[in-house]
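Q: This is the structure I want to talk about, given as structure tokens.
What follows draws every value from the coordinates through simple rules; no lab data is involved. Fair warning: this is a prediction, and the values are worked out from it, not measured in the lab. Methodologically, a virtual Cβ is constructed for each residue, glycine included, from the backbone with ideal geometry; neighbour enumeration extends over all protein chains shown.
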Amino acid sequence: AIFIKPGRFVTEEPKVKLRGIFINNEAPALSGWSRATFGGFNHKFYERVFELLLRLKGNFLWPAMWGNAFYDDCPHNGALAHEMGIVIGTSHHEPMGRAHVEWARYGTGPWNYQKNRRVLREFWRTGFERKKNFETITTLGMRGDGDEPMAENVMIDLLETIVRDQRNIIAQVTGRPAYETPQVWALYKEVQYYYEKGMRVPDDVMILYANDNWGNIRMLPDPNKPQRAGGYGMYFHFDYVGGPRNYKWLNVRQVQRIWEQMNLTWQHGVDRMWLVNVGDIKPMEYPITFFLDMAWNPERFNADNLIHHIESFTNEQFDGHFAKESARLINMYSKFNSRVTPELLYADTYSLLNYNEFERVNEDYRELLLEAFKLHYLMPEKYRDAFDQLVLFPIQGMANLYEMYYAVARNRYLAQQNNPEANYWADRAEHHFRRDTLLTIHFNSVISDGKWQHMMDQARIGYTYWQQPRKSVMPEVFRVAESTVSNSDLVFVEADGFVSIEAPHFNRKNHPKRIQWQVIPYMGRTLSSVTTLPGNAYPTADEQVYLEYDIYFESTGDFQVSVLLSPTLNFNRNRGLRYAVSFNGGPEQIVNFNQSFDINLMERWQAANINRTTTRHSITKSGLNTLRFRVLEPGIVLQKILIDTGGLKPSYLGPPESSRKLQKELVNR
């Protein structure tokens, strides 16, 4: 049945004649999904793609070509495209309607026009004859076999001869002058170099400019020269396989950058074809929508209304529910993803130490993820799967990736110091690596009842050069033997005007047989705590119960030492609990931190869940020094020690623990 809404409606003619996508780099994700769902890249698959293009007001396609041949794999593909009004082309290295893989299937001899001209002409003639009754645009030229440049010594006159011979084939097969058949010559990669060196094609052939594969336009027409009869097109990228590294998993292109570059393109008179490499299609749903909308009418968009387009997209997808909030999340995760692609992200991309950079970018994703989880919970159930695909999964996937690499960075930094805390971060890194797999399973097998099998199979962890690994590989982490915890050779090093010490990382401990020092794992606000047991064992006057910490001071002076204790009250009938601090065997300063009951003081302890007391000590020599912390009563629980040498800044938890180095390294400085 056909339903027609009464009234008069006017749809203006599109500003760009051919508006389309290139399905490329489609293995393993889209290829796996198409096999599982349709049996491959056949007419059942392409019917859905053509419907998608028509819904988005597109009309042009470069079909999938990684081991696939649009016309050869399914005899219905070409006819279906013609019937549905989709113009078909073939990619920049597939001239005359022949897919690259067809040369491996049917070609004989070398892919070399000088040595194998007769075979190549027949190969191309067969390809053009096969599509002559369909609406297509024919790619001209010749590149090296497999999306590679031709030999460096290729002469421009040879390439011009190839184009001339291809146009002769077109004229012979159609029985009409070649200029009556739409043709395109793509200035992709090295072909632009030939153009710059003077190679030319007939005026009726469209010149297809290209970006640099990373979203940056390489060349545009000279506005001072007359228009070509064949006009100009632009080939853009949302996905790429090649150096410096593939980017395929998720969208990394900001809508603002797409608009800025394509607006530049439009204003230089490029209006015959806008084509974008979309990889597996699914991860690029919003940018594809924007690109084709802009191709219909580039003048509709400006720098100030781009966010409104995202809102119209989310409004349509979620039927008006949380459109603004969802649009903000798409806008911001695209911005954050554009900083560095998932495939290029690594443990050393961001600085762990300078400007707190890695933690800050991590926090960017954490905030987005929290908001995405909230909206997913509030979203009506019928839209949750769509929200997961378009918003939650991309944020969750990248947030998890950042957490993993952050953990790897922390692990390596601590392992270099022989700090056993490195083991905690190794565990964290491995956890997030496993979670990446679970997120993939969720997208492939849980969302929409398993509709998208294989769609997130693309490896993104473990690149070692430009090409993708066969599967994701866990980054290397390092573990430190726990026996090094009290290694007397490890020394805390002053830096940035302070020394920060976690209680369990003492160098030496001393106690009588009846009293033991006990580390309580995880207790406290930061790492762990240390106390004495049993809790009713009071040291006598001649019993020395202490911990010692070796410290390398870069400076000298009167330094404030803050001892952070659990907020134990004066349970011993107001006698209070005492500790003593000294340096290098010198005089002690004894502190009774809770002798008298003070309701205001106690409330501060309760609110902060810490008791902080300070003493001042004179350090007269730089280099190696030893701090001794001695307890005079049981029930004292040490969490952290902070020494202000002139640069300690206010904070709730105190700075992260200072680095520790081997004593022999410091002696040799």
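Q: Quick one: of Lys17/Lys132; Lys335/Lys471; Lys15/Lys382; Lys509/Lys664; Lys189/Lys225, which pairs are farther than 25 Å apart, Cα to Cα?
A: Lys335/Lys471; Lys15/Lys382
Q: Which of the listed residues, Thr620, Ser659, Ile515, is farthest toward the dipole's positive end in the stretch 486-667, when Lys, Arg count +1 and Asp, Glu count -1 at the beta-carbon?
A: Ranked along the dipole, the leading option is Ile515.
Q: About the Cα centre of the stretch 304-484, how large is the charge dipole given +1 on each Lys and Arg Cβ and -1 on each Asp and Glu Cβ? Please answer in debye to the nearest 20.
A: 320 debye
Q: Apply the a/c threshold of 1.5 to the C-alpha gyration tensor of the stretch 18-297 and tell me whether it is rounded, prolate or oblate.
A: Rounded.
Q: Next up: Given the options Gly58, Ser582, Tyr546, identify the residue whose Cα lies farthest towards the positive end of the charge dipole of the chain (+1 on Cβ of Lys, Arg; -1 on Cβ of Asp, Glu).
A: It is Tyr546, whose Cα lies furthest towards the positive end.
Q: Let me know the charge dipole size of the stretch 486-667 about its Cα centre in debye, to the nearest 20, where only the beta-carbon of Lys, Arg (+1) and Asp, Glu (-1) is charged.
A: 400 debye
Q: Any idea which of Trp274, Val255, Met155 is furthest toward the positive side of the dipole for the chain, if Lys and Arg beta-carbons carry +1 and Asp and Glu beta-carbons -1?
A: So the residue we want is Met155.
Q: Now a separate question. So how strong a dipole does the chain carry about its Cα centre when Lys and Arg Cβ are +1 and Asp and Glu Cβ are -1, to the nearest 20 debye?
A: Approximately 420 debye in magnitude.
Q: On a 0 to 90° scale, report how tilted helix 421-441 is relative to the longest principal axis of the chain, with both axes built from alpha carbons and the result rounded to the nearest 10.
A: 30 degrees
Q: For Cα extents along the principal axes in Å, pick the label among (i) 88, 63, 48; (ii) 113, 64, 49; (iii) 118, 55, 45 that corresponds to the value derived from the coordinates.
A: Looking at Cα extents along the principal axes in Å for this model, the match is (ii).
Q: Sort 439-449, 26-36 by packing, meaning the average of other beta carbons within 10 Å per residue, with the highest value first.
A: Top to bottom by mean Cβ count within 10 Å: 26-36, 439-449.
Q: On to the next question. For a protection proxy built on the mean count of beta-carbon atoms within 10 angstrom, sort 168-175, 399-406, 130-137 highest first, please.
A: In decreasing order of mean packing, 168-175, 399-406, 130-137 become 399-406, 130-137, 168-175.
Q: Which value at 222 nm does the chain reach when only helices count, each DSSP H run of 4 or more adding -39,500 (n - 2.57), with the total divided by all residues and rounded to the nearest 500 deg cm²/dmol?
A: -10500 deg cm²/dmol
Q: Another question, if that's okay. Against the longest alpha carbon principal axis of the chain, how many degrees, from 0 to 90 and to the nearest 10, is the axis of helix 285-296 turned?
A: 40 degrees
Q: Per-residue counts of other Cβ atoms within 10 Å, averaged by peptide: what ranking do you get for 114-124, 312-322, highest first?
A: The most tightly packed comes first, giving 312-322, 114-124.
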